[in-house]
Structure formats: structure tokens, C-alpha cells
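Structure first, commentary second.
Laboratory data are not the source of any read-out in this text; all were calculated from the coordinates shown. Small disclaimer: the values here were computed from a predicted structure and weren't measured. Note: ideal-geometry Cβ built from the backbone for every residue, glycine included; neighbour counts use all protein chains shown.
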Amino acid sequence: MFIQAALGLQFETKRFTAKAGEALSLTFENPDTVPHNLVIARPGSLKTLGDLANRLMADPNAIHLQ
């Protein structure tokens, strides 16, 4: 799977799915000058991940997943 960043902290690939246990190979390309982060998460985890990301902006040591 090829994933490419786009301008304005966006991604060309908005979503992809995989089956549990399926082997994946991801290639990420960022032609933008702004660094991008890529997080692969389970459905329904957006709020938790968003809260953690906000905490990381204030304190890089804030990420302590339970």
C-alpha cells in the first residue's frame, strides 16, 4: 500500500482497511515541506488518540498508554 501526504497536513489516502492478521507493507511518501504523522489505529479510537496528541503538544512525555 502506498500512502502519500498532501499539502495542508492532509493525506491523499484517507482510509484503508485490512483484515486481522493480514500482512501489510506500507510505503509512506511526504512531498510536503511540513512533517506529517501517520497513526494506524482501531476504529473508534479517534477521541482517545486526539486527546493524547493534544497532551503531547504540551508535554512530550505525556504519552503513557495504559
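Do you know the relative contact order of the chain, to the nearest whole percent, from alpha carbon pairs under 8 angstrom that are 6+ apart? Relative contact order here is 28 percent.
Determine the gain in length on full extension of the stretch residue 15-residue 49; use 0.36 nm per residue of separation and subtract their C-alpha separation, reporting nm with one decimal.
Details: separation 34, 0.36 × 34 = 12.24 nm, distance 1.62 nm.
Stretched out fully, the residue 15 to residue 49 stretch lengthens by 10.6 nm.
Taking amide H atoms as placed 1.01 Å from N in the peptide plane, the amide H of residue 13 lies under 5 Å from those of 4, each 5 or more residues away in sequence or on another chain.
Placing +1 on the Cβ of each Lys and Arg and -1 on the Cβ of each Asp and Glu in the chain, which of 56, 25, 41 has its Cα farthest towards the positive end of the resulting dipole? Farthest along the dipole direction, towards plus: 41. The magnitude of the dipole of the chain, with charges of +1 and -1 set on the Cβ of Lys/Arg and Asp/Glu and taken from the Cα centre, is near 300 debye. Our compactness index for the chain, the C-alpha radius of gyration over the empirical 2.2 N^0.38 Å, is 1.28.
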